[in-house]
Structure formats: C-alpha cells, structure tokens
C-alpha cells in the first residue's frame with residue numbers, strides 16, 4: 001500500500017513538473033496580451049506618470065539591462081475622487097486572476113495580476129508569462145486565484161484616501177521564479193513593458209481624447225533615461241523628492 005502511494009506521488013510530481021516546464025517554454029513564444037478594454041475611467045484621472053519616470057521607487061527587470069528608473073505607470077486621481085470605492089478598475093482583457101496579494105507593511109493594500117487564457121497552462125504559476133497587474137487596489141471580494149474575468153469586468157477599486165495615497169500603479173510585466181534585491185527594492189520581474197505599447201487603437205483613442213496625442217508622449221526613451229538616470233533618496237529604492245513635470249502626462 002505504501003509503495004503504491006509513493007509511486008502515485010512520484011507520478012503526480014512528474015506530471016506537475018512537466019506541466020511547469022511546458023508552461024514556461026510556451027510562455028516564451030506567446031505574444032503579450034492586447035489591452036482591449038479600458039481599465040479605468042479616465043474622467044477621474046488627473047495625470048499619468050511616464051514609462052521610465054523618476055517618480056516613486058525603482059522598478060526595473062532583474063537582469064538590470066535598465067537601471068535607476070520606474071518602468072510602470074502611476075495613475076494619479078483628481079482630488080474629488082481621492083476616496084475609497086470611487087475609482088473603478090476593470091479587467092483589460094479576458095483571462096484569469098493569477099496573482100492576489102497584500103503587504104500592508106510595505107504600504108501595498110492589494111495587488112491583482114491577470115493573464116490571458118492559456119488553456120491548460122492557465123492553472124500554472126505565471127512564471128515568465130506577460131501579465132497585467134494593478135497595485136494599490138481593493139480587489140472585489142468574490143475574486144479568487146484562478147477566477148476567470150471578462151474584458152471590461154469590474155475587478156475592484158483603487159485603494160485611495162488621504163492616508164492611503166492618491167494614485168494606483170499599472171504594471172505590464174513578466175514574473176520571475178524568485179525575486180531579486182536591486183537597490184533595496186525586491187524586484188519580481190524578468191521583463192517590463194509599458195502598457196501603452198500593447199493597447200488597441202480603439203482603447204488608446206480614449207487617451208487621445210483626453211490630450212495624449214501619441215503613445216510616445218507617455219514614454220521616456222531608454223536612450224534619454226540612460227543619459228539622465230534618476231537619482232535616489234539615500235541608497236534607494238525611492239527617488240529623490242521633486243516634481244519634474246517631464247515625468248507626467250496631464251489629462252484634460
């Protein structure tokens with residue numbers, strides 16, 4: 001009896017290991033998911049930090065091919081909407097919830113990550129998979145790991161208030177197997193893109209209507225940032241305080 005149990009466990013581990021390897025290999029050739037639905041109401045947004053800005057804290061890939069910059073976007077809400085259960089967050093495409101976490105000690109009220117439908121691989125950890133992630137969000141209570149979501153479906157509300165802050169983060173990245181410490185920041189990503197380079201023209205039209213004429217207006221090029229790296233407050237991970245208008249794209 002014991003021998004049968006051991007054999008069953010070995011077979012199960014082999015199957016799971018094979019699935020994990022196949023999932024990772026498949027992820028390397030899968031195209032990044034396309035944003036086909038607006039993920040928030042732009043009428044409630046005042047400005048958006050540019051890709052590679054010097055706002056907040058360092059966010060870079062683990063291989064450090066880019067350093068001392070923030071490769072995500074902060075969506076800064078208008079003052080009248082800086083409160084709980086007010087700024088809606090929606091799923092940008094059909095897929096599955098693959099990350100749910102909170103770290104109150106790190107001032108992270110909540111995070112949700114969504115990957116596109118990968119068939120059988122959707123049940124596997126999202127290692128090496130391009131994912132849409134929202135940080136500083138109060139996730140809907142009925143959403144769990146593995147929950148399926150539709151494009152445009154409500155997934156939560158930005159975690160906002162005078163105490164909690166007045167912005168939420170949008171990340172488009174690939175998770176690594178293990179995190180890595182970079183300049184006092186725990187880096188979980190092997191790759192990072194701007195969400196705007198993977199957005200349908202129909203969705204981006206809404207941003208154009210709010211004053212962002214082209215995607216280039218919300219992206220600082222790698223060459224420009226390499227020539228002018230961000231400066232840390234102390235040893236990092238937070239950047240030196242200061243309001244640089246070139247770091248932001250204002251919305252009408």
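Any read-out appearing in this document is the output of simple, stated calculations on the displayed coordinates, not a laboratory observation. Note that the structure is predicted; figures quoted are calculated from it, not measured. With ideal geometry, Cβ positions are generated from the backbone for all residues, glycine too; neighbour counts draw on all protein chains shown.
Tabulated values for the structure
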| item | result |
| --- | --- |
| Alpha carbon convex hull of the stretch 196-236, projected area averaged over orientations, nm² | 4.3 |
| Cubic angstrom per residue, convex hull over Cα atoms of the stretch 173-218 | 96 |
| Kirkwood hydrodynamic radius of the stretch 125-231, from inverse mean 1/r over distinct Cα pairs, in Å | 16.7 |
| Ranking of 130, 185 by count of other Cβ atoms within 10 Å, fewest first | 185, 130 |
| Rg/Rh (Cα only; Kirkwood hydrodynamic radius) as it applies to the stretch 56-104 | 1.04 |
| Alpha-carbon centroids, the stretch 33-97 and the stretch 130-200: separation in whole Å | 8 |
| Radius, Kirkwood style, for the stretch 32-250 when every pair of distinct Cα atoms is counted (Å) | 17.6 |
